[in-house]
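What follows is a short report on a single structure.
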Amino acid sequence: MLHNSSSDSVGGKVLLKRTLQLMSLILLVVPALTACHAQPTGGAVCKIAFLLPETKTARYETQDLPNFRRRLTELGFTEKNLIYNNANQDAATQQQQAEAALTNGATVMVLDPVDSNAAAKIADLAKSKNVPVISYDRLINGSDGVSYYISFDNELVGNLQGEALLAALQKLGQTNVPTVVMINGSPTDNNASLFKRGAHAVLDGRVNIAKEYDTPDWSPDKAQQEMEQALTALNNQVDGVYAANDGTAGGAIAAMKAAGLNPLPPVTGQDAELAAIQRILAHEQYMTIYKAIRPEAEVAAELAFDLCQGRSPAVTRFNSRVNNTKIEVPAILLKPIGVTRDNIKNTVVADQFWSIEQICTADFEAACAAADLQ
Ligand code: BGC
């Protein structure tokens, strides 16, 4: 009995050990198999859809697209398997472009949404087809179909713009509370609300925000009309302008020039567009925000390529998690940098974002020399 029971217990132990081994094997293998099953490629051709929101802002066609494409080629991706579309700031167009990309066999989607909330429908559809979605630059809200998010610290963008505007107003040395007009970005862009929140956090209570607009489609023309309205309402008495990006800054500056304001009040911007860097040199715009789009586009290409090949990107790549009202999305948030005349050389030029030759064209030679850009 004793012997038997002891041998039973030995046998039991062996059985238990075997069962545990089998279970751990199942635990190891099953997720791997499911992961394989969830792989977008599944033996099919790996195709990446890159969907950008608009063309009025220079960055998309001149920075985001070429850098994304170049990085993919470097990684060995077949160029013809890239599906690229720009939605020209139309959410319905973007929806159609995304549907067409999925129909045409996209296995990974990199989406910069025109409308951060409406794009949930796109991400849900992609998820239903097992196609992972990378939310590019702008967050896609309200969908659990978003795998990763890559962008900048966008609230910090707003803080930096607000701080630079305050510094410029202080330099003017006036004693009254300065009157400021705020020209924000598109109300459908999640980034625009982050820029706006960041700027308000700095400006509220320190300046008088006499007029404030959300600019549909980020349109420079609409920004110009908003500024015209503000100038009329305020009798041209404006001390500073918060413009959320360089396109809207350009519109606001055009309105102020047309109204004969001289000197122009300090104006903020964002994107370090070539035209904005030149306006800064010409004393028409006070600052811009430099966001290194090259690493943003490159990292997006690397993540997309990994997913396409059935690999999960290393967790160590991510430095944040961002809530999109549905899930916590693993995110990579890059750092924005404020640029005024004083650091053009050390930022955009040093980084080869723009060369001195590109900036210092004939019209800007004198301004470049004065700013020691040669
Ligand atoms: C981007 C900006 C851009 C703006 C207008 C934002 O989501 O972050 O860089 O200027 O959209 O396209």
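The values are calculated or read from the model by the stated rules, or taken from the named source; none is laboratory data. These numbers were taken from a predicted model, which means no experiment stands behind them. When we count neighbours, we look across all protein chains shown, and the Cβ atoms used for this are built from the backbone with ideal geometry, even at glycine.
If the Cβ limit is 6 Å and pairs must be 6+ apart or interchain, which residue in region 344-364 that is in contact (Cβ under 8 Å) with a residue 24 or more places away in the chain and under 17 Å from Ala292 (Cβ atoms) pairs with which residue that is of a type in the set (Gly, Ala, Ser) and surrounded by 12 or more Cβ atoms within 10 Å (Cβ to Cβ)?
Matching pairs, first to second residue: Val348/Ala272.
Only one residue in Ser147, Ser143, Ser135 is modelled with pLDDT of 95 or more, over 12 Å from the mean Cα position of the chain (by Cα) and under 18 Å from Ala300 (Cα atoms). Which one?
Ser147
For region 225-241, give me each residue that is buried (at least 21 other Cβ atoms within 10 Å of the Cβ) and either among the β-branched types (Val, Ile, Thr) or within 16 Å of the ligand (Cβ to nearest atom) (or both).
Glu226, Val238, Val241 - these are the residues of region 225-241 that are buried (at least 21 other Cβ atoms within 10 Å of the Cβ) and either among the β-branched types (Val, Ile, Thr) or within 16 Å of the ligand (Cβ to nearest atom) (or both).
Residues being more than 16 Å from the ligand (Cβ to nearest atom), in contact (Cβ under 8 Å) with a residue 40 or more places away in the chain and over 24 Å from Gln352 (Cβ atoms): count how many of those fall in region 43-86.
Number satisfying all stated conditions: 6.
Those residues that are among the basic types (Lys, Arg) and without any contact (Cβ under 8 Å) to a residue 12 or more places away in the chain, I need them from region 272-323; list them, please.
Within region 272-323, Arg311, Arg321 meet the criteria.
With respect to Asp217, is the statement that it is within 12 Å of the ligand (Cβ to nearest atom), part of a helix (DSSP H, G or I) and farther than 21 Å from Glu296 by Cβ true?
Here the answer is yes, as Asp217 does meet what is asked.
Quick check on this structure: which one of Gly250, Gly240, Gly310 is modelled with pLDDT under 95 and touching a helix residue (DSSP H, G or I) at 6+ places or on another chain (Cβ under 8 Å)?
Gly310
Does region 303-346 hold any residues that are of a type outside the set (Gly, Ala, Ser) and at positive phi, and which are they?
Hit for region 303-346 is Thr325, nothing else.
Which of the following residues is over 29 Å from Tyr290 (Cα atoms), at pLDDT 95 or above and crowded, with 23+ Cβ neighbours inside 10 Å: Ala98, Ala49, Ala92, Ala119?
Within the list Ala98, Ala49, Ala92, Ala119, the selection yields Ala98.
Determine which member of the set Asp204, Asp246 is more than 27 Å from Pro330 (Cβ to Cβ), surrounded by fewer than 19 Cβ atoms within 10 Å (Cβ to Cβ) and charged (D, E, K, R).
Just one listed residue meets the conditions, Asp204.
Could you check Ala230 against (1) part of a loop (DSSP other than H, G, I, E, B); (2) in contact with a Lys or Arg (Cβ under 6 Å, 6 or more places away or on another chain); (3) of a type in the set (Gly, Ala, Ser) and say which number it fails?
Ala230 satisfies all of (1) part of a loop (DSSP other than H, G, I, E, B); (2) in contact with a Lys or Arg (Cβ under 6 Å, 6 or more places away or on another chain); (3) of a type in the set (Gly, Ala, Ser) except (1).
Just checking, does region 236-252 include any residue being within 25 Å of Ile359 (Cβ to Cβ) and of a type in the set (S, T, N, Q)?
yes
Please pick out the residue among Thr325, Thr316 that is of a type in the set (Val, Ile, Thr) and part of a loop (DSSP other than H, G, I, E, B).
Thr325
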